[in-house]
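Accompanying notes for the structure given below.
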Amino acid sequence: MWDTYAVAPIPYALRSTQYKEVSLLPATREEKEEQIVELAERFRAGQVIVWAEYRGLPTPRLNELRRALRPHEAEFHVVKNTLAELALARAGLPVSADLLKGPTAASVIRGDIAGAARALSEFATANRELVIKGGQAGQRMLSSEEVAALVNLPSREVLLGRVLGQMNAPISGLVTVLAGTLRGLLNVLQAQAKKMEEAAA
C-alpha cells in the first residue's frame, strides 16, 4: 500500500510528481481507516520519526532516498497531513501542527538511528528541496537541530559489539548496555539543547 520500495508498483493515489502535491485521499471510508491503522503501526514501531518537506522532488529522487535508508531499517513515506495526524493520535504519539504543513514526508527509523539520520542529512545536502522540519522520539518532540545531532549516536555495529560483549556476562550487564543506548540518545539531545541555549544567550 505504501510507496516504500522502489521496485514495487505505486498506487496512483500515492504517486508524487514534480508539479503536483501528493494526495493520499482514500476512495472509501474503509480504505481511509485501513491506511490510518497501518500508518499508526509503522509510527508505533519506529524509534524515531523524522518529518520533512519534499516540495519539488520527483519520485525517482525520492526512491533514491528510500534505497539509502533501507539498509538502516528506515522507511520514507509521503503522507497526507490529516491522515498522519490521525495515525499519530491512534499510536498514542504527540502531534505537532507545525510539522504537518505543506507536502509532508515521514522517515520512520526502526533500526540504525545514526545511519538513517546520516543518510537523510546527506540527501538533504545534495537535494535542497528536501527540508528536515523536525522529528520525534517516543513522546519527545525534536527540533531540526536535534535531528541533525542524531548522527552522533553510536552506529548499529558499535551497539551490536557492546551487546555481544555482554553475552557471557550477567543479565544485569546486558540491561546496562541497552539502557546506555537510551541514555546516549537523551544525552545527545540535551547537549544540543544546551548548545542552542548558549548560542541564544
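Rule-based calculations on the coordinates, nothing more; no lab input. What you see is a predicted model; the values in this text were computed from it and never measured. Heads up, the Cβs are rebuilt from the backbone with ideal geometry, glycines too, and the neighbour counts pull from every protein chain shown.
Can you pull the semi-axes for the stretch 12-143, root of five times each eigenvalue of the Cα gyration tensor, sorted largest first, whole Å?
The answer is 21, 19, 13 Å, longest axis first.
Report the relative contact order of the stretch 12-143, percent, no decimals, based on alpha-carbon pairs under 8 angstrom and at least 6 residues apart.
Reported relative contact order: 35 percent.
If I model a spin label as a point 7 Å beyond the Cα along the Cα-Cβ vector, how far apart are those points for ARG110 and ARG140 in nm?
2.3 nm
How big is the Cα convex hull of the stretch 102-156 in projection, averaged over all directions, in nm²?
Computing the convex hull of the Cα atoms and averaging its projections yields 4.0 nm².
Inverting the mean 1/r over all pairs of different Cα atoms, compute the Kirkwood radius of the stretch 38-102 and quote it in Å.
The Cα-based Kirkwood calculation yields 12.8 Å.
Can you work out the Karplus-derived ³J(HN,Hα) for every residue in the stretch 113-122? Use 6.51 cos²θ - 1.76 cosθ + 1.60 with θ = phi - 60°, whole Hz, and x for glycine or proline.
5, 5, x, 5, 4, 5, 4, 5, 4, 5
Quick one: which residues, 5 or more positions from LYS133 or on another chain, have an amide H under 5 Å from its amide H? H modelled 1.01 Å from N in the peptide plane, none for Pro or chain starts.
Result for LYS133 returns TRP51, ALA52, GLU53.
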